[in-house]
Amino acid sequence: MAVAASAVLVVAAAGCGASGSTGGGSGSSGKPTLTLYNAQHEELLKQITPGFTKQTGIKVRMRNGDDFELANQLVQEGSASPADVFLTENSPAMSLVDSKGLFAKVDTATLAQVPKQFSPADGDWTGFAARSTVLVYNKSKVSEADLPASIMDLSGPRWKGRIAFSPSGADFQAIVSAVVDVKGTAAAKTWLEGLKTNGKVYQGNNVVLKAVNDGEVDAGIIYHYYWYRDQAESGANSDNTQLHYFADKDAGAFLSVSGAGVLKSSKHQAEAQEFVKYLSGVAGQRALAASYALEYPLNPAVPANRAIKPLTELDPPLIEISTLNGPKVIDLMQQAGLL
Amino acid sequence: MRRRSRTGGPTGPRGPAGPTGRPREAASALVLVAGTAVALLALIPLLFVVVYTVVIGPHEAWALLVRPRIGELLVNTTRLVLGCMVLSTALGTAAAWLVERSDLPARRLWHVLLAAPLAVPAFVNSFGWVSLTPKVEGYAGALLIVTLSYFPLVYLPVAAMLRGLDPALEETAYALGLGPWRTFVRVVVPQLRPAMLGGGLLVGIHLLAEFGALQMLRFPTFTTAIYDQYRSSFNGPAANMIASVLVLCCLVLLMGELRLRGHQRYARLGRGSARPAPRRTLGRLTLPATLAMTGLVLLSLGVPIGSLVHWLVVGSSTAFPIGSLASTAATSLGLGLGAAVLTTALAMPVAWLAVRHRGTVSTILERSTYFANALPGIVVALALVTVSIRFVRPVYQTSLLLLTAYAIMFLPRAVVSVRTALAQAPPLLEDVSHSLGHGPLATLRRVTLPLIAPGLGAGAALVFLAVVTELTATLLLAPIGTATLATQFWSNTASAAYGAAAPYGALMVLISAPATYLLSTEARRSVTS
């Protein structure tokens, strides 16, 4: 019994500790602590949030996960979610949460900070960063003449056993959503089946990059910044490779938008709105541009890092951002045996 | 290791009618209630999987189950599990024979070194290999690495059993004209079968639940596929359906193990006079045998440790963020201790009923907790996420839920230890205590607990060891802001920051080492004691 009693004590203590930290209540300064459900890179947000806390006195804590993991979690938690703000790497997960009516409208002034095409028409969330789809290839395995004109070519027999990608990640899933949007469901399905035959599956874009660099595989589908980050750090995982940008509004030139939104169920609406405003405002975007991230800031007042190919030189397909369909992509990928 | 001790007097409810009779009955009833509650808790994930499969309906379940991906995963999982069980059994048995029955030099050292891979979590071992060469990705590499990680699970019981075998049977075989090799196959192996098969099945059950090692090696199995589904859909139907297939596979192995336990029989009846078996002289084979053992230890222990050291020294992303290292280590230790106390406490009523009140109900309760052996962490976590979000919102995303998951997963380890200890504590002493006027509480505190303390400690140590290296349930259930050594190690390797991952991996191995050492010496003693 003594053991049982002490166990109860331990459990109670653990419970208290936990509820104390999940309460999200007020900090010592009297300001609330915001809870972010963060599907963007954790390191990036760790570089942005200190400035926000310094400016406003509002503390921030994060639950990190993947786009669809956290989006579906928000859907399940519904109005009882502890989250105040939701951030993703890619927009389809934002649309999923939006389709369940869980977002509050983003302040008009905040929406005005980024060009219209980077936010959905209903104004329920806003874009705050963008990343371009690229093909990374090993210079000694693929000659420039061999490079595909369209991402759709990669499902053809010429690329059998030569192409790497990370289907369980939200990045690749967003690229698939663009293919669905630009080429239609049937073509996307055939494409996925071709990739399943041709491709080597890796866990994460960093690993894809490394595999291409090591010559394990000839080329890989990733976002631009993985390559630039490695170049900036040491080039150890990218010096043997080069980037190929698709052009002519090809589905492979897809520019994916990272989104931020305020949950309707948040008990700290004003502070949550303030955070989103900071994120796409000049200060937040400068922090983003100056960080290791090398993603594109969307606020026109803030230029992107000069190392990366300028946003104006990209030629992405024109897509109404809110039409990118997450659940349909997962379904297609399950049918193709990629998930 | 597994023995049913029948020491002590008669068991069962008894006790003289008298002033102490009523509180003791009340205490028994209370224990029964507690035991039932624990069993129900342990059954939550299994019930969840069954109920989910029924609720989703045959049509959708069929659509999610009969698709090429599932076939692919089934093939992958089956050939990996079977391959690893066979290889581990062969390797574990051969190594055990060399250590226990040959004149191989430095046998004590070998014994420790062969048990030591248990202190290196499989995903750290995997990291060790894959960060040095990507050639180990795929089936062959996965088979090699998981075998190197799991063969001690066969080695330890087989070595223990070899020590305990009565050499008389083998001598009889020699006398009847069988050579050494045929004696081994026809006389020794049949006696070792329970340990070999039991160890092999244990390898299979562990492997079905293995996530990190295989994810790193890009070898998809049911468990890694569930995680990928989770990342793409939280607790969506596809993830839950794969979980039900996985549980089915695990149950098949578990049933095999249960059957085996039922039939296991030691040939020897008395234990007084068995001599230690004579050791075979290796002669010219000494050098090859020593080289083989050295190779095995180098591959299973040298590569992961060497790789960790390599990345600690030369990794470009290597950093020693003291604050983060200290706080994650503290979190791992705290969760490990909390889970150890909670799980051992939950094991008490179940074990007590199983030993002191034998009967159908007690057996059912004990078996219910045992089923958790067949529930991989990812299934337990998935079930708890869904159940807590629907029915017990306040515990959702708290460390309490995470501790509960640990308790469910590792309850069998605690129950076995506590049960063994209780069985060896004579109930007569409790009766004496009662007759001297002590109530049930005082008896527990002053008589029973001191008697079974070593057993409780062993159970708690087993749980602690398992929690520190647990990855999947922790990834899914950890409250906001909670990072353990395992999750930090994982997130760093996932972004190919091997140098940054290394300090966390090294700390995990350091924390696991003492408990593993204890286990290896315990396994050596348990047969002779």
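Against the empirical 2.2 N^0.38 Å scaling, what ratio does the C-alpha Rg of segment A:199-339 come to?
Ratio of Rg to 2.2 N^0.38 Å for segment A:199-339: 1.23.
Over all distinct alpha-carbon pairs, what is the Kirkwood Rh of chain B in angstrom?
On the way: mean 1/r = 0.0406 Å⁻¹.
When all Cα pairs of chain B are included, the Kirkwood radius is 24.6 Å.
Taking one equal scatterer on every alpha-carbon of chain A, how large is log10 of I(q)/I(0) by Debye at q = 0.09, 0.12, 0.14, 0.16 1/Å?
For chain A at q = 0.09, 0.12, 0.14, 0.16 Å⁻¹, log10 I(q)/I(0) is -0.50, -0.84, -1.09, -1.35.
Between A:Met62 and residues 5 or more places away or on another chain, which pairs have amide H atoms under 5 Å apart, with H built 1.01 Å from N, and which residues are they?
Amide H neighbours of A:Met62: A:Leu36.
Which whole-Hz couplings ³J(HN,Hα) result when phi for each residue of segment A:116-126 is put into the Karplus expression 6.51 cos²θ - 1.76 cosθ + 1.60, θ = phi - 60°, listed in order with x for Gly and Pro?
4, 5, 9, 10, x, 4, 6, x, 7, 8, 10
Just for the protein assembly as shown, what percent of DSSP beta bridges are antiparallel, to the closest 5?
Counting DSSP beta bridges with both partners in the protein assembly as shown, the antiparallel share is about 60 percent.
Can you give the calculated 222 nm mean residue ellipticity of chain B, where each DSSP H run of n ≥ 4 adds -39,500 (n - 2.57) and the sum is split over every residue, rounded to the nearest 500 deg cm²/dmol?
For chain B, the value works out to -24500 deg cm²/dmol.
Across the residues of B:229-242, average count of Cβ atoms on other protein chains within 10 Å?
What the average comes to for B:229-242 is 6.
Measure out, as a whole number of angstrom, how far apart the alpha-carbon centroids of segment A:41-68 and segment B:429-481 sit.
The distance from the Cα centre of segment A:41-68 to that of segment B:429-481 comes to 41 Å.
Over segment B:409-475, how many percent of alpha carbon pairs lie in each 10 Å bin up to the one with the longest distance?
Histogram of Cα-Cα distances, whole percents per bin: 21, 37, 24, 13, 5, 0.
Specify, per residue and in Å³, the volume enclosed by the convex hull of the alpha carbon atoms belonging to segment B:356-418.
Considering the Cα atoms of segment B:356-418, their hull volume per residue is 103 Å³.
What is segment B:284-419's relative contact order, in percent, from Cα pairs under 8 angstrom and six or more apart in sequence?
33 percent
Set the bar at 28 Å for Cα to Cα. Now go through A:Lys116/A:Lys183; A:Lys183/A:Lys309; A:Lys116/A:Lys264; A:Lys139/A:Lys249 and name every pair that lies beyond it. Spell out each step's value before the answer.
Working: A:Lys116/A:Lys183 24 Å; A:Lys183/A:Lys309 26 Å; A:Lys116/A:Lys264 22 Å; A:Lys139/A:Lys249 25 Å.
Cα-Cα > 28 Å for no pair; all within.
Report relative contact order for chain A in percent, whole number only (criteria: Cα-Cα under 8 Å, sequence separation at least 6). Before the final figure, lay out the partial values.
Numbers: 655 pairs, mean separation 86.9, N = 339.
Value for chain A: 26 percent.
Within straight cross-link reach of A:Lys141, meaning Cα distance under 13 Å, which aspartates and glutamates are found once same-chain residues fewer than 8 apart are removed?
A:Asp214, A:Glu216, A:Asp218
Students often check this: by mean Cβ neighbours within 10 Å, which of A:76-89, B:338-351, B:99-112, B:373-386 ranks highest, and how do the rest follow?
B:338-351, B:373-386, A:76-89, B:99-112
How high is the relative contact order of chain B? Use alpha-carbon pairs under 8 Å, at least six apart in sequence, and give a whole percent. It would help to have the intermediate numbers written out before the result.
Numbers: 720 pairs, mean separation 135.0, N = 529.
For chain B, the relative contact order is 26 percent.
Show the residues, 5+ positions off or on another chain, whose built amide H is closer than 5 Å to the amide H of A:Ala129.
Residues meeting the amide H criterion: A:Ser258.
Helix-only estimate, please: 222 nm mean residue ellipticity of chain A, summing -39500 (n - 2.57) across DSSP H runs of length 4 or more and dividing by its residues, to the nearest 500.
So the helix-based figure for chain A works out to -12500 deg cm²/dmol.
Each reported figure results from applying straightforward, stated rules to the coordinates on display, with no laboratory input. Every value quoted in this text rests on a predicted model; they were computed, and no experiment measured them. Cβ coordinates were reconstructed from backbone atoms using ideal geometry, including for glycine residues, and neighbour counts include every protein chain displayed.
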